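Engineer: Okay, handing you the structure first.
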There are 2 protein chains.
Amino acid sequence: MFNKVSIIGLGLIGGSIGLALRKANAVKQIAGYDLGRGVSAQASKVGAIDQAYESIVDAVKGSDLVILATPVGAVRSLLQTIAPVLTPGTVVTDVSSTKSQVINWAEEFLPEHAFFVGGHPMAGKEMSGVAVADADLFKDCIYCLTPTSHTPATAVSMVVTLVETLGARLRFLDPAEHDGLVAGISHLPFLAATALMATVADDPTWGDASLLASSGFRDVTRLAAGNPEMYRDICLTNSDAIVRWLDIYVLKLSELRDHIVRHDKHIDESFARTQQQRQQWHASHSSEK
Amino acid sequence: MFNKVSIIGLGLIGGSIGLALRKANAVKQIAGYDLGRGVSAQASKVGAIDQAYESIVDAVKGSDLVILATPVGAVRSLLQTIAPVLTPGTVVTDVSSTKSQVINWAEEFLPEHAFFVGGHPMAGKEMSGVAVADADLFKDCIYCLTPTSHTPATAVSMVVTLVETLGARLRFLDPAEHDGLVAGISHLPFLAATALMATVADDPTWGDASLLASSGFRDVTRLAAGNPEMYRDICLTNSDAIVRWLDIYVLKLSELRDHIVRHDKHIDESFARTQQQRQQWHASHSSEK
């Protein structure tokens, strides 16, 4: 059992971690801190934290585990702020979608007596905020941890306990490998969705077209409703991998364009191949969940 | 009440139309025809048609209304086949996603005593086939009709009755306007989804990445599971409009790429604008349904 866990950033993810820890009765005290006006109070009210702190320094003091549940862009200055006051032995983890950059910051700023283990729960919702937090958000979701060769086993083990308490499925990855993979299956899909939404909604025909748009359009553009600051930070911290994927994507689109311009009757072979890939993924994904 | 309605092509759409007409008790006889082995028998079994015909000529003889519910690529030869045997006054409609080309074929092949009204129900499912047909598939969905200046009012009125019987919301559009709009909100989304799926699944990292792919990926790629022949026919019959949209889409992606390469901290403004467009659309769409 944890003695004190501090959650910095009380949105959907931070709030859901708090609810899950409380539900599992896995911690004596959950300390919470959020910059947003009234957010800590709301997190207390829904039971995601036991105590709301006005000062981040007080919030992390004496903690076993500090969870940085903010957009990745805030992590750098948070690490700088908490570094001088961390109790020896404290483990710090985060939940952001890019890992290499965050690990560099942790190595730069954290003292030798505190340990960082990068984390990334593959969970989310269309909406954000502690109001939609859910103790079961992580159940059966993949939760990546990216320890490095410098990370002590005891620190890793503490974050593994967190992941298991959340009911998530643990996966260890090298930080750079993680960033390359999620750029393809998470960051590129967001960019594809947001570019698609902008393409049709910026057009003068959108007033008429919007009335015809149906469930297929709804699904393919769902990610475009995601948090703009979060995706900005992702783009800023994982740009190389994202650009590499974007270039392959545009190449695929150009190949399809060529088929269409040529009125290629065999374009269905390419669609059928992709259909099969989608069906295979969906079948194995559904059975796992 | 219709006397005889003939449904040619007994997949998800044709089957669902049959079930809805039967449920509403809106027709004396529903005649069905499908090239697929055993499909007509299955359609009879689930109650989507009253009588399965071996011959398309017999299936359409004496009909008030012939509904061509096949992929658009089959419509040309179907119109040629049924043209000589249509009873004077018969109205022919279709359900395919592109309209200008189909209307050209109808004007070329149908006799003067038969009338064509292009139709397009904005409904679908991830799966296809009469086994997943559903009498309520069209409920509250938009159903486009694209009569031309040559279409007699009585013919239009007959198809309007069909649309109302299905419980769908009627929308009249000019055929070329229809094709431009659906290229943006339906055909481009399919191409975006299928290119995205191919991008990640053709990559050597897919084995590892597929395990991390989550609900966002699932939604954005859902359309990639669509019927390859249907989308081939769409690409062949609506290529100009599709290529126009594809070019704008690639341009938007290139703009985003530029922001990312430059590490532009203001990229969130572009995301926020699109987020708002998506939220506005979703809010108005949800309230209509």
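Engineer: Evaluate the following for B:ILE242: is it touching a residue at least 12 places away in the same chain (Cβ under 8 Å), facing chain A (nearest Cβ under 7 Å) and touching a Cys at 6+ places or on another chain (Cβ under 8 Å)? Can you show your working first?
Structural biologist: On the way: touching a residue at least 12 places away in the same chain (Cβ under 8 Å): yes; facing chain A (nearest Cβ under 7 Å): yes; touching a Cys at 6+ places or on another chain (Cβ under 8 Å): yes.
Against the criterion (touching a residue at least 12 places away in the same chain (Cβ under 8 Å), facing chain A (nearest Cβ under 7 Å) and touching a Cys at 6+ places or on another chain (Cβ under 8 Å)), B:ILE242 qualifies.
Engineer: Further, regarding this structure: Could you tell me whether A:SER157 is on the phi < 0 side of the Ramachandran plot, outside any helix (DSSP H, G or I) and free of Cβ contacts under 8 Å to residues at least 40 places away in the same chain?
Structural biologist: Numbers: on the phi < 0 side of the Ramachandran plot: yes; outside any helix (DSSP H, G or I): no; free of Cβ contacts under 8 Å to residues at least 40 places away in the same chain: yes.
Against the criterion (on the phi < 0 side of the Ramachandran plot, outside any helix (DSSP H, G or I) and free of Cβ contacts under 8 Å to residues at least 40 places away in the same chain), A:SER157 does not qualify.
Engineer: Which one of B:ALA69, B:ALA123 is within 30 Å of B:ASP219 (Cα to Cα), modelled with pLDDT of 95 or more and not assigned by TED's automatic domain parsing to the domain that holds B:THR237?
Structural biologist: Details: B:ALA123 fails: modelled with pLDDT of 95 or more.
Answer to the selection: B:ALA69.
Engineer: Which members of region B:253-289 meet the condition of being at the interface with another protein chain (Cβ under 8 Å from one of its Cβ atoms) and closer than 30 Å to B:ARG169 by Cβ?
Structural biologist: B:ARG273, B:THR274, B:GLN275, B:GLN277, B:ARG278, B:GLN279, B:TRP281, B:HIS282, B:SER284, B:HIS285
Engineer: Any idea which of (1) crowded, with 21+ Cβ neighbours inside 10 Å; (2) modelled with pLDDT of 95 or more is the one A:ALA52 doesn't satisfy?
Structural biologist: Failing condition for A:ALA52: (1).
Engineer: Identify, from the list B:ASP233, B:ASP140, B:ASP136, the residue that is more than 8 Å from every other protein chain (Cβ to nearest Cβ) and in contact with a strand residue (DSSP E or B) (Cβ under 8 Å, 6 or more places away or on another chain). I'd like the intermediate steps shown before the answer.
Structural biologist: Values: B:ASP233 fails: in contact with a strand residue (DSSP E or B) (Cβ under 8 Å, 6 or more places away or on another chain); B:ASP136 fails: in contact with a strand residue (DSSP E or B) (Cβ under 8 Å, 6 or more places away or on another chain).
On inspection, the qualifying residue turns out to be B:ASP140.
Engineer: Just a yes or no: is a residue in region A:256-264 in a loop (DSSP other than H, G, I, E, B), closer than 26 Å to B:ILE185 by Cα and under 16 Å from the mean Cα position of the chain (by Cα)? Explain how you work it out, then say what you get.
Structural biologist: At the first step, the residues of region A:256-264 found to be in a loop (DSSP other than H, G, I, E, B) are A:262-264.
Okay, now just the ones that are also closer than 26 Å to B:ILE185 by Cα, so A:262-264.
Remaining after also requiring under 16 Å from the mean Cα position of the chain (by Cα): none.
Looking through region A:256-264, none of the residues is in a loop (DSSP other than H, G, I, E, B), closer than 26 Å to B:ILE185 by Cα and under 16 Å from the mean Cα position of the chain (by Cα).
Conditions tested, residue by residue: (1) modelled with pLDDT of 95 or more; (2) of a type in the set (Gly, Ala, Ser); (3) under 23 Å from B:LEU212 (Cβ atoms); (4) in the same structural domain as A:ILE56 (by TED's automatic domain parsing).
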site	(1), (2), (3), (4)
A:SER96	no, yes, yes, yes
A:LYS99	yes, no, yes, yes
A:LEU110	yes, no, no, yes
A:ASP140	no, no, yes, yes
A:PRO152	yes, no, no, yes
A:THR161	yes, no, yes, yes
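Engineer: Now for a different question. Pick out, from region A:161-239, the helices (runs of 4 or more DSSP H) lying fully within it that include 1 or more residues that are more than 24 Å from A:ALA20 (Cβ to Cβ) and in contact (Cβ under 8 Å) with a residue 24 or more places away in the chain. Spell out how you get there, then give the answer.
Structural biologist: Working: elements: A:175-182, A:188-201, A:206-212, A:215-221, A:228-237.
Passing ranges, in order: A:175-182, A:188-201, A:215-221, A:228-237.
Engineer: When region A:126-144 is examined, which residues are found to be surrounded by fewer than 17 Cβ atoms within 10 Å (Cβ to Cβ) and assigned to a loop (DSSP other than H, G, I, E, B)?
Structural biologist: If the condition is that a residue be surrounded by fewer than 17 Cβ atoms within 10 Å (Cβ to Cβ) and assigned to a loop (DSSP other than H, G, I, E, B), then A:GLU126, A:MET127, A:GLY129, A:ASP134, A:ASP136, A:LYS139, A:ASP140 are the ones that fit.
Engineer: Could you please let me know if B:ALA20 is crowded, with 20+ Cβ neighbours inside 10 Å, part of a strand (DSSP E or B) and either aliphatic (A, V, I, L, M) or at positive phi (or both)? Talk me through it step by step, then tell me what you get.
Structural biologist: On the way: crowded, with 20+ Cβ neighbours inside 10 Å: yes; part of a strand (DSSP E or B): no; either aliphatic (A, V, I, L, M) or at positive phi (or both): yes.
For B:ALA20, the condition - crowded, with 20+ Cβ neighbours inside 10 Å, part of a strand (DSSP E or B) and either aliphatic (A, V, I, L, M) or at positive phi (or both) - is not met.
Engineer: Filter region A:226-278 down to the residues that are farther than 23 Å from A:LEU181 by Cβ and of a type in the set (Lys, Arg) and list them by number.
Structural biologist: Answer for region A:226-278, where residues must be farther than 23 Å from A:LEU181 by Cβ and of a type in the set (Lys, Arg): A:ARG257, A:ARG262, A:LYS265.
Engineer: Looking at (1) buried (at least 19 other Cβ atoms within 10 Å of the Cβ); (2) touching a helix residue (DSSP H, G or I) at 6+ places or on another chain (Cβ under 8 Å); (3) touching a residue at least 40 places away in the same chain (Cβ under 8 Å), which is the only condition A:ILE13 fails?
Structural biologist: Here A:ILE13 meets the rest and fails (2).
The values are calculated or read from the model by the stated rules, or taken from the named source; none is laboratory data. Because the structure is a prediction, the values reported are computed rather than measured. As a convention, Cβ positions derive from the backbone with ideal geometry for all residues, glycine included, and neighbour counts pool all protein chains shown.
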